[in-house]
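Please read the structure below before turning to the comments.
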Amino acid sequence: KKHIKEIEQFSADTAEAVEAFRIKYLGKKGLLNDFFAEFKNVPNEQKKEFGLAINQLKKVAADKVNDLKGAMESNVADTGVYGDLTRPGEPIELGARHPISIVKNQIIEIFSRIGFNVSEGPEIEDDWHNFTALNLPEYHPARDMQDTFFVQTNPDILLRTHTSSVQVRYMESNTPPIRTISPGRVYRNEAISARSHCFFHQVEGLYIDKNVSFADLKQTLQFFTTELFGKSKIRLRPSYFPFTEPSAEVDVYWGLETEADYRMTKGTGWLEIMGCGMVDPNVLTNCDIDPEEYSGFAFGMGIDRIALLLHQISDIRLLSENDVRFLEQFKSAL
Ligand code: PHE
């Protein structure tokens, strides 16, 4: 009876104290084992009462240990790592936008300010939209300018080599005035190196209306390069594309301030960033637009190389390797 009272009054708030209590009563050399050992010395007529008493004592002691342990565990739950409801939450880790997306969005935003919308088309294209409608008929030698991945031949289905194919689709289903830019992934069968890949990304632009001139083209590009690069000096070098006439290559004056500027521009300070020209009348005719009534210009640039330039990335392959150590560096760029 004395022991039962003592047990009932016992309380402990450390695991050590509970364990010491358990050993005292229920351990191998504990009080209860002593009582059980004594059982055989108890006179027969008291055996029943004594037995009941020690069994009750054992039960009370075991219950007490269980209660104390349980209380201690729920205590941990209330105040510990997972249980404290006032504890600030773990932040969800945010990803970063891909540098291609960052630059693509910048380009779209700049052109949207002067009235260009965004058009998209399929990456798997037919011959008409990628070549023939663009003044590149079968056996035209200029088809070799773009090494093509064919999905099937005769009729030819291929991975588009430029997003000019989207411009054809847009002209086929819209009437002038047309002001649209076409961002997207394109494919060319080129050797993979730090500078070029077998797939990359383009933004091509198209403007068709009455009386569109080469001066409009130049001024549009001037606006764009100033907005994107913060560098306003550009030059147009005569070039050739089957779908534009005249055609030009656009260089931005990058300057020769750093060693990198020398390397990137081969010591000239000028950096080639896109191709452009006045849409060839044959292309307009192919797309059911009357070249007597309308004229227009087109331009096209590679997003990947511009991203390398703007973010000082040394190798184009980094853009498609999905290495998180690379990607997470763009968290602060939106
Ligand atoms: N389609 C050309 C290319 O992929 C770029 C371009 C577009 C050139 C429009 C002139 C006009 O290289």
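Quick note: the coordinates plus some simple rules give every number you see, no bench work behind them. As the structure is a computational prediction, the values presented were derived from the model and not from experiment. Reconstructed Cβ throughout: ideal geometry from the backbone, glycine too, with neighbour counts over all protein chains shown.
For the stretch 104-231, what relative contact order do you get, as a whole percent, if you take Cα pairs closer than 8 Å and at least 6 residues apart?
Averaging sequence separation for qualifying contacts and normalising by length gives 26 percent for the stretch 104-231.
What is the helix-to-structure angle for 15-26, meaning the angle in degrees between its Cα long axis and the longest Cα principal axis of the chain, kept from 0 to 90 and rounded to the nearest 10?
Relative to the chain, helix 15-26 is tipped by roughly 30 degrees.
Cβ neighbours within 10 Å, averaged per peptide: list 94-104, 316-326 in order, most packed at the top.
Taking the mean over residues of other Cβ atoms within 10 Å, the ranking is 94-104, 316-326.
Taking a ≥ b ≥ c as the square roots of the eigenvalues of the Cα gyration tensor of the stretch 81-171, is the shape rounded (a/c under 1.5), prolate (a/b larger than b/c) or oblate?
It comes out prolate by the Cα gyration axes.
With the Cα gyration tensor of the chain giving a ≥ b ≥ c as the square roots of its eigenvalues, does the rule (a/c under 1.5 for rounded; else a/b larger than b/c for prolate; else oblate) give rounded, prolate or oblate?
Prolate.
Just want the answer: with Cβ charges of +1 for Lys and Arg and -1 for Asp and Glu, which residue in Ile306, Phe21, Leu134 is farthest toward the dipole's positive end in the chain?
Of the options given, the answer is Phe21.
If I model a spin label as a point 7 Å beyond the Cα along the Cα-Cβ vector, how far apart are those points for Asn33 and Asp288 in nm?
Between Asn33 and Asp288, the simple spin-label model gives 9.9 nm.
Compute the relative contact order of the chain as a whole-number percentage, counting only Cα pairs closer than 8 Å that sit 6 or more residues apart in sequence.
Once normalised by length, the contact order is 16 percent.
Can you list residues whose amide H is under 5 Å from Met274's amide H, if they're 5+ apart or on another chain and H is modeled 1.01 Å from N?
Residues meeting the criterion, in which the H sits 1.01 Å from N, are Val250.
What net charge is computed for the residues neighbouring Phe131, neighbours being all others with C-beta under 11 Å from the C-beta of Phe131, Lys and Arg scored +1, Asp and Glu -1?
Around Phe131, the surrounding residues sum to -3.
Mind scanning Lys40/Lys64; Lys2/Lys40; Lys104/Lys331 and naming the pairs with a C-alpha gap bigger than 19 Å?
From Lys40/Lys64; Lys2/Lys40; Lys104/Lys331, over 19 Å: Lys40/Lys64; Lys2/Lys40.
Give me the Å³ per residue figure for the convex hull around the C-alpha atoms of the stretch 179-249.
Convex hull volume per residue, Cα atoms: 135 Å³.
Is the shape of the stretch 1-73 rounded, prolate or oblate, going by the alpha carbon gyration tensor and its root eigenvalues a ≥ b ≥ c, with a/c under 1.5 for rounded and a/b larger than b/c for prolate?
Prolate shape, in that a/c is at least 1.5 and a/b is the bigger ratio.
Using the crude model of +1 on Lys and Arg Cβ and -1 on Asp and Glu Cβ, and no other charge, please compute the dipole size for the chain relative to its Cα centre, in debye to 20.
Magnitude of the dipole: close to 2220 debye.
The stretch 96-147 to the stretch 2-32: how many Å between their Cα centroids?
81
With a sphere of radius 13 Å drawn around the Cβ of Ala15, what net charge do the other residues whose Cβ falls strictly inside it have (Lys, Arg +1; Asp, Glu -1)?
Every neighbour counted, the sum reads -2.
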